[in-house]
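Okay, structure first, notes after.
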Amino acid sequence: MTTTTVAAATEYVVQLRRISKRFGGVHALREVDLELRRGEIMGIVGDNGAGKSTLMKILSGAYVADEGEIWVNGRKVRIRNPQDSARLGIAMIYQDLALFNNFDVTKNIFIGRELTRGPMGLVLDKKRMYRETQELIRELKVDIKSPRQNVASMSGGQRQMVACARAIAFKSTILIMDEPTAALGVTEANKLLGLIRNLADKGISILLITQRIPDVLAIADRVFVLKGGERQGVLDVGKVTLDDVVTLIVRGKDRAGEAPGDVMYKSFG
Amino acid sequence: MGMDEQAQVSRSSMGRSSADGLQRHVHLGFLRKYAVVFVLLALILVFSLVSDSFFTVRNLTNIVTQNTYFIIVAVGLSFVLIAGGIDLSVGYQMSLVGVVTAMMMVLWSFPVWAAVVLGLALGTVLGLVNGLIVARIKTFPLIVTLATSVIFQGISYIVSQARTFRDFPSAFQFIAKGRLGGVPLDVWLTLLIVVVVALIYYQTKWGMRVVALGGNEEALRLAGVSTRRTKTWVYMACGFLTAVATMVMVSKANSVQSSFGPGTEFTALTAAIVGGVSFLGGEGNIPALVAGVFVLAVLGNGMQLAGWGVYAQFIVRGAILLAAVAFDEYQKSLKLRVKA
């Protein structure tokens, strides 16, 4: 019994089991299960108010679940705050990005865990920080000219990339991204999606909240559908069409098999 | 005057800059940093033409030695400003630290070193009080330090009973009167502080976090840094340096009363803003800040020599502060446009 549990658990980097969360009288999440595999991109989709962000915030430590268990790398864990989550290698990249406009790329990446040298680590090791940032830029193949470029002068897509690079530099292995392409043009969005795919290929597991279903179909391995705080199903991207996903989002699992008619894809955000 | 200069400098730079947004951004950064140096040079040029006694060794030396303590206060205040805060209470911190230090030496016959150490400790504690209040009660530092300023004022007058203390031990007077290699000790001290603080900003993790705090407090918190602690430290550092400046001021005057110090906050604040420290935090550099102090100093000195009277200086100082803040805003809007 115990052995099967462990074996089942280690197959996944993250397992959420029967997670429930209430805000006052509102049931934001009802016994939600989620399993994320290593190096997988999982799209988290659902209409507004479906519970996508709430579920992800529970994993990132911004909220604490009322009920349910969280397993990370085969071990049951407690996540009470963002620090707990960070220690487990989980990083959430916020929509508003949390970058420092008065800093260049390197300082944005290293703030909070600066590299130092000298007695008592008194002196910033700028050389090493710039070099490591340069390496990171090359490794991730991101569209950033120089580690010294100021982020205030960057486009939305480049800023997203800096935020990702920061998470990677922090040795995060599980990334949660909240609507990363929402504010981007087509070219920029595609570049960013390329980077996300790139990260997954390096073994980083990614949860991608989005309203843009085509994005998910383009790069995700599986799609997790929420509606009214309940899990509607997990679809393999290779085996479904846009219509299948949208139908599940709009009608939910109980009515998904019905004949089409009232469901249309309306550019979702 | 100052306004014209700054406007001209910025226009000409705009004209030169290439169409490339990044390049223009770099240009702006450079301009932002060193516009004040051009303003200073222009002022020196103008007053040299207006008055024969301005550009003399004696007068220029005076300008430097009369402003060492303003530089020290401005450098201390820069921590708070760059971290996105403000400290209006530095003037009355000086008042309180000044009279208490003087009383320890004159009334209670403390050894000079003990009076100085305790005075510096008192200043640090006053900064700590500001820091704790600002960090705990998340409210506007402008109001908090306005309130503590009035409180420090009250305490200073109660403690001193509005008396004047003078004729300090010679060891204390030595701070301002002593010389090393022909240069006054307080000038060396100021130089040391300027260099050390500049190194803190450019070369230490703590300095980087201070700048980060002024740039995006929430992001710094998310990066796992205690913003409360950083804030508290910043006000403490300001209090400590303000106390150091107080020692220099009191030693120089060889006399002190509770009305010594107030007003310094305005000069230091103006100098910092003129020197390119952003009022909104996150930006500033120490060499330009020092130049900012000298802009005000040269202006005051030059206007006096040119016979413009004391009161006109107030008007010019106020106008300069306005111009500097407007310049700051103007640059921010340019940056936004470059980005878009």
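Restricting attention to the stretch B:164-192, and to residues there that are farther than 27 Å from B:ILE286 by Cβ and of a type in the set (S, T, N, Q), which single residue is nearest to the chain's Cα centre (by Cα)?
Selected residue: B:GLN173.
Name every residue in the stretch B:35-80 that is under 20 Å from B:ALA324 (Cβ atoms), among the aromatic types (Phe, Trp, Tyr) and crowded, with 17+ Cβ neighbours inside 10 Å, in order of residue number.
Answer for the stretch B:35-80, where residues must be under 20 Å from B:ALA324 (Cβ atoms), among the aromatic types (Phe, Trp, Tyr) and crowded, with 17+ Cβ neighbours inside 10 Å: B:PHE47, B:PHE70, B:PHE79.
Please work out which one of (1) farther than 14 Å from A:ALA91 by Cα; (2) part of a loop (DSSP other than H, G, I, E, B) is the condition A:ASN198 fails and give its number.
(2)
Scan the helices (runs of 4 or more DSSP H) fully inside the stretch B:56-142 and keep the ones with 3 or more residues being hydroxyl-bearing (Ser, Thr, Tyr). Full working, then the answer.
Details: elements: B:57-66, B:68-82, B:90-106, B:112-136.
Where helices (runs of 4 or more DSSP H) fall fully within the stretch B:56-142 and carry at least 3 residues being hydroxyl-bearing (Ser, Thr, Tyr), they are B:68-82, B:90-106.
So which of B:GLU218, B:GLU265 ends up being of a type in the set (Asp, Glu), in contact with a Gly (Cβ under 8 Å, 6 or more places away or on another chain) and at negative phi? Quick ask: steps written out before the conclusion?
Details: B:GLU218 fails: in contact with a Gly (Cβ under 8 Å, 6 or more places away or on another chain).
So the residue among B:GLU218, B:GLU265 that is of a type in the set (Asp, Glu), in contact with a Gly (Cβ under 8 Å, 6 or more places away or on another chain) and at negative phi is B:GLU265.
Right, A:ASN81: among the polar types (S, T, N, Q), in contact with a Leu (Cβ under 9 Å, 6 or more places away or on another chain) and more than 25 Å from A:GLY39 (Cβ to Cβ) or not? Don't jump to the end; show me each part of the working.
Details: among the polar types (S, T, N, Q): yes; in contact with a Leu (Cβ under 9 Å, 6 or more places away or on another chain): no; more than 25 Å from A:GLY39 (Cβ to Cβ): yes.
No, not satisfied.
For residues in the stretch B:87-99 being surrounded by 23 or more Cβ atoms within 10 Å (Cβ to Cβ) and hydrophobic (A, V, I, L, M, F, W, C), which is farthest from B:ARG163 (Cα to Cα)?
In this case the residue turns out to be B:VAL90.
Which residue, of A:LYS52, A:LYS21, is under 17 Å from the mean Cα position of the chain (by Cα), among the charged types (D, E, K, R) and surrounded by 20 or more Cβ atoms within 10 Å (Cβ to Cβ)? Step through it out loud before you land on a result.
Details: A:LYS21 fails: under 17 Å from the mean Cα position of the chain (by Cα).
Selected residue: A:LYS52, the only one of A:LYS52, A:LYS21 that is under 17 Å from the mean Cα position of the chain (by Cα), among the charged types (D, E, K, R) and surrounded by 20 or more Cβ atoms within 10 Å (Cβ to Cβ).
Condition check ((1) buried (at least 17 other Cβ atoms within 10 Å of the Cβ); (2) closer than 17 Å to B:VAL90 by Cα; (3) away from chain A (no Cβ under 11 Å); (4) touching a residue at least 60 places away in the same chain (Cβ under 8 Å)) across all residues:
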{"position": "B:ASP167", "(1), (2), (3), (4)": "no, no, yes, yes"}
{"position": "B:ASP186", "(1), (2), (3), (4)": "yes, no, yes, yes"}
{"position": "B:LEU189", "(1), (2), (3), (4)": "yes, no, yes, yes"}
{"position": "B:VAL211", "(1), (2), (3), (4)": "yes, no, no, yes"}
{"position": "B:GLY224", "(1), (2), (3), (4)": "no, no, no, no"}
{"position": "B:LEU241", "(1), (2), (3), (4)": "yes, yes, yes, yes"}
{"position": "B:GLU265", "(1), (2), (3), (4)": "yes, yes, yes, yes"}
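State all residues of the stretch A:135-168 that are in a helix (DSSP H, G or I), under 24 Å from the mean Cα position of the chain (by Cα) and not aliphatic (A, V, I, L, M); if no residue qualifies, say none.
Those that are in a helix (DSSP H, G or I), under 24 Å from the mean Cα position of the chain (by Cα) and not aliphatic (A, V, I, L, M): A:GLU135, A:ARG138, A:GLU139, A:GLY156, A:GLY157, A:GLN158, A:ARG159, A:GLN160, A:CYS164, A:ARG166.
Which of (1) within 14 Å of chain B (Cβ to nearest Cβ); (2) of a type outside the set (Gly, Ala, Ser); (3) under 25 Å from B:TRP206 (Cα atoms) does A:ASP178 not meet, given it meets every other one?
Every listed condition holds for A:ASP178 apart from (3).
For the stretch B:198-247, which residues satisfy the criterion of being over 15 Å from B:GLY131 (Cβ atoms) and either at pLDDT 95 or above or among the aromatic types (Phe, Trp, Tyr) (or both)?
B:TYR201, B:TYR202, B:VAL244, B:ALA245, B:THR246, B:MET247, listed by residue number.
Given the residues B:GLY318, B:GLY292, which is the only one that is touching a Ser or Thr at 6+ places or on another chain (Cβ under 8 Å) and either without any contact (Cβ under 8 Å) to a residue 12 or more places away in the chain or not aromatic (Phe, Trp, Tyr) (or both)? Talk me through it step by step, then tell me what you get.
On the way: B:GLY318 fails: touching a Ser or Thr at 6+ places or on another chain (Cβ under 8 Å).
Being touching a Ser or Thr at 6+ places or on another chain (Cβ under 8 Å) and either without any contact (Cβ under 8 Å) to a residue 12 or more places away in the chain or not aromatic (Phe, Trp, Tyr) (or both) holds for just one of B:GLY318, B:GLY292, which is B:GLY292.
Can you name every residue in the stretch A:218-246 that is more than 25 Å from A:GLY203 (Cβ to Cβ) and of a type in the set (Gly, Ala, Ser)?
A:GLY228, A:GLY229, A:GLY233
Could you look through the stretch A:57-82, keep only residues that are touching a residue at least 40 places away in the same chain (Cβ under 8 Å) and part of a loop (DSSP other than H, G, I, E, B), and pick out the one that is farthest from A:LEU207 (Cα to Cα)? Show your work before the answer.
Going through the stretch A:57-82, the residues touching a residue at least 40 places away in the same chain (Cβ under 8 Å) turn out to be A:58-60, A:63, A:65-75.
Checking the rest, the ones that are also part of a loop (DSSP other than H, G, I, E, B) come to A:63, A:65-66, A:73-74.
Details: A:TYR63: 17, A:ALA65: 18, A:ASP66: 22, A:ASN73: 15, A:GLY74: 18 Å.
Step by step, filter the stretch A:57-82, then rank; the result is A:ASP66.
Taking into account only those residues within the stretch B:213-222 that are surrounded by fewer than 21 Cβ atoms within 10 Å (Cβ to Cβ) and facing chain A (nearest Cβ under 7 Å), which is nearest to the chain's Cα centre (by Cα)? I'd like the intermediate steps shown before the answer.
Going through the stretch B:213-222, the residues surrounded by fewer than 21 Cβ atoms within 10 Å (Cβ to Cβ) turn out to be B:217-218, B:221-222.
So of that shortlist, the ones also facing chain A (nearest Cβ under 7 Å) come out as B:218, B:222.
On the way: B:GLU218: 27, B:LEU222: 31 Å.
Checking each candidate, the answer is B:GLU218.
Before we move on, is A:SER85 under 21 Å from the mean Cα position of the chain (by Cα), surrounded by 15 or more Cβ atoms within 10 Å (Cβ to Cβ), at pLDDT below 90 and assigned to a loop (DSSP other than H, G, I, E, B)?
In short, no.
Restricting the search to the stretch A:116-125, which residues are at the interface with chain B (Cβ under 9 Å from one of its Cβ atoms) and of a type in the set (A, V, I, L, M, F, W, C)?
Result: A:LEU122, A:VAL123, A:LEU124.
Restricting to the stretch A:133-168, count the residues that are more than 9 Å from chain B (Cβ to nearest Cβ) and either β-branched (Val, Ile, Thr) or over 18 Å from A:LEU195 (Cα atoms) (or both).
Within the stretch A:133-168, residues that are more than 9 Å from chain B (Cβ to nearest Cβ) and either β-branched (Val, Ile, Thr) or over 18 Å from A:LEU195 (Cα atoms) (or both) number 8.
Report whether or not B:THR264 is within 16 Å of the chain's Cα centre (by Cα) and closer than 18 Å to B:GLN153 by Cα. Break it down stepwise before answering.
Numbers: within 16 Å of the chain's Cα centre (by Cα): yes; closer than 18 Å to B:GLN153 by Cα: yes.
Considered against the rule, which asks whether it is within 16 Å of the chain's Cα centre (by Cα) and closer than 18 Å to B:GLN153 by Cα, B:THR264 comes out as yes.
Out of all the residues in the stretch B:287-304, which are of a type in the set (A, V, I, L, M, F, W, C) and either out of contact with any helix residue (DSSP H, G or I) (no Cβ under 7 Å at 6 or more places or on another chain) or closer than 16 Å to B:PHE38 by Cα (or both)?
Our first condition is that a residue be of a type in the set (A, V, I, L, M, F, W, C); within the stretch B:287-304, this holds for B:288-291, B:293-299, B:303.
Matches in the stretch B:287-304: B:ALA288, B:LEU289, B:VAL290, B:ALA291, B:VAL293, B:PHE294, B:VAL295, B:LEU296, B:ALA297, B:VAL298, B:LEU299.
Within the stretch A:64-115, can you find the residues that are more than 14 Å from chain B (Cβ to nearest Cβ) and out of contact with any strand residue (DSSP E or B) (no Cβ under 7 Å at 6 or more places or on another chain)?
A:VAL64, A:GLY74, A:ARG75, A:ARG78, A:ARG80
Suppose the filter is crowded, with 24+ Cβ neighbours inside 10 Å and modelled with pLDDT of 95 or more; does B:GLY154 pass it? Spell out the reasoning first.
Details: crowded, with 24+ Cβ neighbours inside 10 Å: no; modelled with pLDDT of 95 or more: yes.
Spelling it out, it is not the case that B:GLY154 is crowded, with 24+ Cβ neighbours inside 10 Å and modelled with pLDDT of 95 or more.
So which residues in the stretch A:226-243 are under 27 Å from A:LYS191 (Cβ atoms) and of a type in the set (A, V, I, L, M, F, W, C), if there are any at all? Quick ask: steps written out before the conclusion?
So the first thing to find is which residues in the stretch A:226-243 are under 27 Å from A:LYS191 (Cβ atoms), and the list is A:235-238, A:240-242.
Within the stretch A:226-243, A:LEU235, A:VAL237, A:VAL240, A:LEU242 qualify.
Could you please give the count of residues in the stretch B:132-187 that are under 25 Å from B:SER259 (Cβ atoms) and in contact with a Phe, Trp or Tyr (Cβ under 7 Å, 6 or more places away or on another chain)?
Going through the stretch B:132-187 one residue at a time, the tally reaches 4.
Quick check on A:GLY74: is it closer than 28 Å to A:ARG138 by Cα, among the small types (Gly, Ala, Ser) and surrounded by fewer than 18 Cβ atoms within 10 Å (Cβ to Cβ)? Spell out how you get there, then give the answer.
Values: closer than 28 Å to A:ARG138 by Cα: no; among the small types (Gly, Ala, Ser): yes; surrounded by fewer than 18 Cβ atoms within 10 Å (Cβ to Cβ): yes.
Against the criterion (closer than 28 Å to A:ARG138 by Cα, among the small types (Gly, Ala, Ser) and surrounded by fewer than 18 Cβ atoms within 10 Å (Cβ to Cβ)), A:GLY74 does not qualify.
Quick one: which residue in A:ARG128, A:ARG30, A:ARG38 is within 14 Å of chain B (Cβ to nearest Cβ) and either at pLDDT 90 or above or buried (at least 18 other Cβ atoms within 10 Å of the Cβ) (or both)?
Values: A:ARG30 fails: within 14 Å of chain B (Cβ to nearest Cβ); A:ARG38 fails: within 14 Å of chain B (Cβ to nearest Cβ).
Of the residues listed, the single one that is within 14 Å of chain B (Cβ to nearest Cβ) and either at pLDDT 90 or above or buried (at least 18 other Cβ atoms within 10 Å of the Cβ) (or both) is A:ARG128.
The values are calculated or read from the model by the stated rules, or taken from the named source; none is laboratory data. Just so you know, these numbers come straight off a predicted model, no measurement behind them. FYI the Cβ positions are ideal-geometry reconstructions off the backbone, even for glycines, and counts take in every protein chain you see.
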